[in-house]
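The values are calculated or read from the model by the stated rules, or taken from the named source; none is laboratory data. On a predicted model such as this, the values are computed, not experimentally measured, just so you know. Don't worry about glycine lacking a Cβ; one is built from the backbone with ideal geometry, like all the others, and counts go over all protein chains shown.
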Amino acid sequence: MRVSTSPDTADSTDIFDVINAREIDAAAERISDVIAATPLQVSERLSAETGATVYLKREDLQVVRSYKLRGAYNLMAQLTDSERAAGVVTASAGNHAQGVAFACRAMAIKGRIYVPTKTPKQKRDRIRVHGGDFVELIVTGDTFDAAAAAAKDDAARTGATMVPPFDDARTAAGQGTIAVEILEQLGQKPDYVVVPVGGGGCIAGMGTYLRERAPETALVGVEPSGAASLTAALVAGGPVTLSDIDPFVDGASVQRIGDLPYAVMSKLGAAVISHSSLPLIAAPASVRRPGESFAVTQVDEGAICTAMLDLYQNEGIIAEPAGAISVAVLEKMDIEPGSTVVCLISGGNNDVSRYGEILERSLVHLGLKHYFLVDFPQEPGALRRFLDEVLGPDDDITLFEYVKRNNRETGAALVGIELGTPDGLGALLDRMESSRMQVERLEPGSPAYRYLT
């Protein structure tokens, strides 16, 4: 089934005529020989922290380590013989590309895959492994949207079929099969399902299915705060292109939400929920107001990093940034005790070389890592006094670098300090104020701070 996803089509056609529970059930049947049902596991830690029963839907254990194969395979399985002969083309931040690559080799279809330069090497390598000789990997542009533009140009020039990562009813239906599995595995309707949002195909598919099969379930979509394209669209009344995004959460950093996902979420009455309003969506179905069953919120990248590390250290789950978003938001939700919550761990394609940055962002989020410009007095022993008089007993210097290279003993220096506890910052600032040194704290979000991290 070919579906136009332009705003005009969304306005003139009921979006649920082109994507609905029936289509998603058909997609589940279509991909059943290729897609193994992933585990739905209880997290004892998160259950204890929230007072609810928290399940983790482990799409990181999918054969390509993310749910993206579901949508890619569902679309490609419906291609005609002539379309298969012409080949396919797609753009992806990495996970959808692996799904397309796997499907290309499984169906013997030639494909060209465009990824942005920020796609981690681990994902690029896995694309090549899954696709083998059937795919050509092309790296271009700084963002997913730039790679997508190149892929669309390729399709128009060559006649290959585009396999969109989210803005197609067939893709969204395939991704919506996650909701089919959740209901079957759980044997009941969960109170909350928490889903990461990038381009919006997954939440569109799952939201559509839950609307028909489990209307009592509250669906919470979570975006990284540095790339909140669905939030921007719901506020503006239509998809908008964000001028700048943080590409760190590569699996969910999209400048513009898809037209089809926006049409679905707006028709569902999805509301943008602020941090202070999150308890509304966490209320029991009996007291939620209309429009509160489908909500979208944001979570800071640092909180995502903390969730990644917690999942690894406690559950042994290697989640990529986008895969940990659903868990990161739980600490902001005032969930009704005894509720059933399902969090989608959407992917596990994380490059081990990124863990230094992940740890850094987590420490900053937890209030343990801080940076300062310290202007030491032009006299001997200044550095020693800083160590003895300013640092606390549990504080540690993690970075020390003189700003001017010809000034090795005195002068201004960039100093990174890791505290023993977050509440030690006040005392540290007091000791800095009492010293004879000029100290400037570099605030997170400032231009100088962004240059550091």
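What is the residue count in the stretch 70-96 for residues that are in contact (Cβ under 8 Å) with a residue 40 or more places away in the chain and either surrounded by fewer than 24 Cβ atoms within 10 Å (Cβ to Cβ) or part of a helix (DSSP H, G or I) (or both)? Outline the logic, then answer.
Within the stretch 70-96, the first condition is being in contact (Cβ under 8 Å) with a residue 40 or more places away in the chain, and the residues that meet it are 70-79, 83, 86-96.
Imposing the further condition that a residue be either surrounded by fewer than 24 Cβ atoms within 10 Å (Cβ to Cβ) or part of a helix (DSSP H, G or I) (or both) reduces the set to 70-79, 83, 86-87, 95-96.
Going through the stretch 70-96 one residue at a time, the tally reaches 15.
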Quick one: which helices (runs of 4 or more DSSP H) sit completely within the stretch 295-403 and have at least 2 residues that are closer than 27 Å to ALA427 by Cβ? 301-310, 355-365, 382-385
If you take the residues of the stretch 43-69 that are within 22 Å of the chain's Cα centre (by Cα) and in a strand (DSSP E or B), which of them is farthest from ALA328 (Cα to Cα)? SER66
Select from the stretch 97-122 the residues that are buried (at least 22 other Cβ atoms within 10 Å of the Cβ), more than 22 Å from the chain's Cα centre (by Cα) and among the small types (Gly, Ala, Ser) and list them in ascending order. ALA103, GLY111
Name every residue in the stretch 411-433 that is surrounded by fewer than 17 Cβ atoms within 10 Å (Cβ to Cβ), part of a helix (DSSP H, G or I) and in contact with a helix residue (DSSP H, G or I) (Cβ under 8 Å, 6 or more places away or on another chain), in order of residue number. ARG431
Which residues, counting only those in the stretch 44-61, are out of contact with any Gly (no Cβ under 8 Å at 6 or more places or on another chain), crowded, with 23+ Cβ neighbours inside 10 Å and not aliphatic (A, V, I, L, M)? TYR55, LYS57
Report yes if some residue within the stretch 198-212 is more than 21 Å from VAL249 (Cα to Cα) and surrounded by fewer than 24 Cβ atoms within 10 Å (Cβ to Cβ); otherwise report no. yes
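State the number of residues belonging to the stretch 98-118 that are of a type in the set (D, E, K, R) and either modelled with pLDDT under 95 or in a helix (DSSP H, G or I) (or both). Please lay out each step first, then the result.
Looking only at the stretch 98-118, we keep the residues that are of a type in the set (D, E, K, R), and these are 105, 110, 112, 118.
Applying the additional criterion that residues be either modelled with pLDDT under 95 or in a helix (DSSP H, G or I) (or both) yields 105, 118.
Total meeting the criteria: 2.
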May I ask you to list the residues in the stretch 123-141 that are closer than 18 Å to ASP351 by Cα, surrounded by fewer than 17 Cβ atoms within 10 Å (Cβ to Cβ) and touching a Lys or Arg at 6+ places or on another chain (Cβ under 9 Å)? VAL139
